[in-house]
Amino acid sequence: MRANVWSGRNTVQVENVPDPKIMNSRDAIVRITSTAICGSDLHLYDGYIPTMKRGDILGHEFMGEVVEVGKGVGSLTVGDRVVVPFPIACGSCNQCRRGLFSVCENSNPNARIAEKLMGHSTAGIFGYSHMLGGYAGGQAEYARVPFADVGPIKIESGLADEQVLFLSDIFPTGYMGAEMCDIKPGDVVAVWGAGPVAQFAIASAYLLGAERVIAIDRFEYRLQMAREKGGAETINYAETNVLEALREMTGGRGPDACIDAVGMEAHHHNPGLHAYDRVKQATRLETDRGHALRQAVIACRPGGTLSIIGVYGGLMDKFPIGALMNKGLTVRTGQCHVHRYLRPLLQRIEQGEIDPSFVVTHRLSLDDAPTGYETFKHKRDDCVKVVLKP
Amino acid sequence: MADPVQASSSPSGPPGRPGDNVSRALGLFSAALGVPQVVAPGRVARLIGLKDDGRTRFWMRAVGVRELAAATGILTRRRPTGWVWSRVAGDTMDLALLRAGLGRKAVRPTRTVIATGAVLGVTAADAAESVRLTRREAVQTPSASTASQDGKAAGPMHARAAITVRRPRKEVYAFWHDFENMPQFMAHVESVQITGIRRSHWVATAPAGRRVEWDAEMTADEEAKLIAWRSLEGADVENSGTVRFLKAPGDQGTEIQLELHYAMPGGALGAAVAKLFGEEPSQQVRDDLRRFKQVMETGEVVLSDGSPEGTLAIRLARQRPAHPLESEPIGTKGGPS
Ligand SMILES: NC(=O)c1ccc[n+]([C@@H]2O[C@H](COP(=O)([O-])OP(=O)(O)OC[C@H]3O[C@@H](n4cnc5c(N)ncnc54)[C@H](O)[C@@H]3O)[C@@H](O)[C@H]2O)c1
Ligand SMILES: [Zn+2]
Ligand SMILES: [Zn+2]
């Protein structure tokens, strides 16, 4: 089959690889009909997540048709149309039972490697380094889906791929980002970033009852999407002092909740300060650039909530722990526990409360994945979200 | 084989004893050398008879930074072995630099020759200390944190690990009680055959592809609480184990505490070599328990493209790329049969 593989920093290529096979009895094989490129893939592409190997198939946002099931999968049959959640979860360990699927205790065969870095392992993730399982990803014609009796959700209504594809990751992720803010009537929520994840955090904050949502980014076309599709107010951090603007916009209080939807490759519009973190990251003195997160801590109202859904990999420098502690902020974080949002969010889509396809700006064939990565990485051609068709 | 218990007690006692002063001294020496090399590289260069130019200063500073790193490592780590070895590597580099200096830009060759002699002496001290620490670690690493309590366990390698399994104690106990289940989750155990009420015959793989066998006897057996076993006379590898089953808080199932003792084939050296291949005993036991949990909670050992054999130590160290295998999955023990 054809698959998009990682072949070193800033290089991906579409290659012929063997077709996937059933390895565990609870596996299914899915023929992929749509698959997307995520901001998390950029962290791999840019070489900031350790334990990648040349030849690793990328991709964790995919859907398609079941073409084979293992003998332990009772809930799916060949021909079912499914969306697959990006974390792999067994459904039966204590964490899964708590609904904390992205920290499943059984789905990472390479838990040993993750334990070295984090003390404990988290769930395996499709196409997301060997530390997180060494699973082949979904930017391919076919994928093996472990624990297929737990993860995939069947799509029985006639919704188009693009309307349901993002149930695999960014819609639930944005939703969880907003849910973790514990939004109360009258709350003002600030969202750092206006990328695809942020777009869903904005939409979800309104779904959950936020009074106002403020989005912060430097790409005008993305801010425009946040205004027009999400109904957010916006701040362009390249032109405006974010802290001052937020204070002004909230009558001096600061936002009640701050969502970081940027992650470890945050950018600083001051070239000197940006260079400072880039150099430290390049020399591995820190792995994570913290401009957005630091700013969110400083901006947040005392007693407010900091919700971190942007991905971080290791260590950060100059983290304002003093502000965080003294202001008594509540911190909520995590890779999304996608499984628990699948059904309720599918329902919202079916009921027409939201149509997630609004983020899609680029549709390419799988063979054009390398172009897709470059366009998305450099935010060229007003790119927000790339969908690949195998 | 030689009495392994003997081997464990002989080399230099518990950590933190006098021998460690050598490491400390070497660490302080690194610091004393590193600071002037970084702060005043030119003066150091002149002192040892080298031409004081930009290139020499650059290398002098680089060497200084390396010395400071070694000093920090040696002085702050509980196990400084790697850092002391790094000094040996550094010494070799210094000797090479001094040789280059003699050839190219020694303005006072005598001083440079003296410096070379001094470095040779230091190299010898570093190497001796490195070997001593490595020997000590080979025997002690597993036991330093995991010493056995009863003291009469077989073998110098001790490892223990704990895990929580979301299953009732009775069920977890029953699965373990049937020793023939061991190969499903214990990486090195190839087969276990029940040969009597309390007896069983075990076949296992040892490092370097060797195969070892032994007969074992259950020495304690308390329903849903504890099982203990040990090898009998004539075992290829003397070993013993205890597993305890405790009720986990709330409805989280069962806490399992496993303790293993065994004589590593090849003694301390064998252990050191095995470690190089990722076979650190306590890690090994943790991985075994993790597989046990997978079998109990999900029905089988979970496989991925990077580790198609399950958690094999060598495979964890050297992953396959994460794309499908050319052939059928290896279908190892623990995989689908
Ligand atoms: N927690 C999860 O489960 C989960 C799931 C998916 C994605 N993610 C993470 O979410 C993050 C965003 O993903 P995406 O797909 O939207 O990526 P993206 O790269 O398209 O979006 C990131 C946006 O952040 C903006 N940005 C950079 N620096 C900023 C700053 N200092 N202040 C404000 N905005 C800044 C960029 O301009 C860009 O528009 C990534 O880190 C990704 O890994 C997390
Ligand atoms: Zn993603
Ligand atoms: Zn689980």
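The ranking of B:F292, A:F101 from fewest to most other beta carbons within 10 Å of each one's beta carbon is B:F292, A:F101. From helices alone, the protein assembly as shown scores -11500 deg cm²/dmol at 222 nm; the rule is -39500 (n - 2.57) for each run of n ≥ 4 DSSP H residues, then divide by the residue total. Report for chain A the percent antiparallel among DSSP-assigned beta bridges with both residues inside it, nearest 5. If we restrict to bridges inside chain A, about 50 percent are antiparallel. Among the residues of A:22-31, the average count of other protein chain beta-carbon atoms within 10 Å of the residue beta-carbon is 4.
Legend: calculated FRET efficiency, B:H201 to B:D251, from the Cβ-Cβ distance at R0 = 35 Å, rounded to 0.05, equals 0.35.
On alpha carbon coordinates alone, what is the Rg over Rh value for chain A, Rh being the Kirkwood radius? Radius of gyration over Kirkwood radius for chain A works out to 0.95. Computed from label points 7 Å out along Cα-Cβ, the spacing between B:R111 and A:L273 is 4.8 nm. How much FRET efficiency would the formula 1/(1 + (r/R0)^6) give for B:A124 and B:R211, where r is the Cβ-Cβ distance and R0 is 45 Å, rounded to 0.05? That pair, B:A124 with B:R211, gives E of 0.65.
Remark: spin-label model distance A:K229-B:D221 equals 6.5 nm, labels positioned 7 Å along the Cα→Cβ axis. Over segment A:97-191, the alpha carbon radius of gyration divided by the compact-protein estimate 2.2 N^0.38 Å works out to 1.32. Model label sites at A:S157 and B:T76, defined 7 Å from Cα along the beta-carbon direction, differ in position by 5.6 nm. Can you tell me how the protein assembly as shown classifies by the Cα gyration tensor, rounded, prolate or oblate, using a/c under 1.5 as the rounded cut? Oblate, because a/c is 1.5 or more while a/b does not exceed b/c. Rounded to the nearest 20, the Cβ-based charge dipole of the protein assembly as shown about its Cα centre (Lys and Arg +1, Asp and Glu -1) stands at 2880 debye. Normalised by the number of residues in chain A, the average gap of Cα pairs under 8 Å and 6 or more apart makes the relative contact order 17 percent.
Remark: mean inter-chain Cβ contacts per residue of A:51-60 equal 3, using a 10 Å Cβ-Cβ cutoff to other protein chain atoms.
Computed from the coordinates by the stated procedures, all read-outs in this text should not be read as laboratory data. Everything numeric in this text was worked out from a predicted model, so none of it was measured. Please note: Cβ atoms are built from the backbone with ideal geometry, for glycine as well, and neighbour counts cover all protein chains shown.
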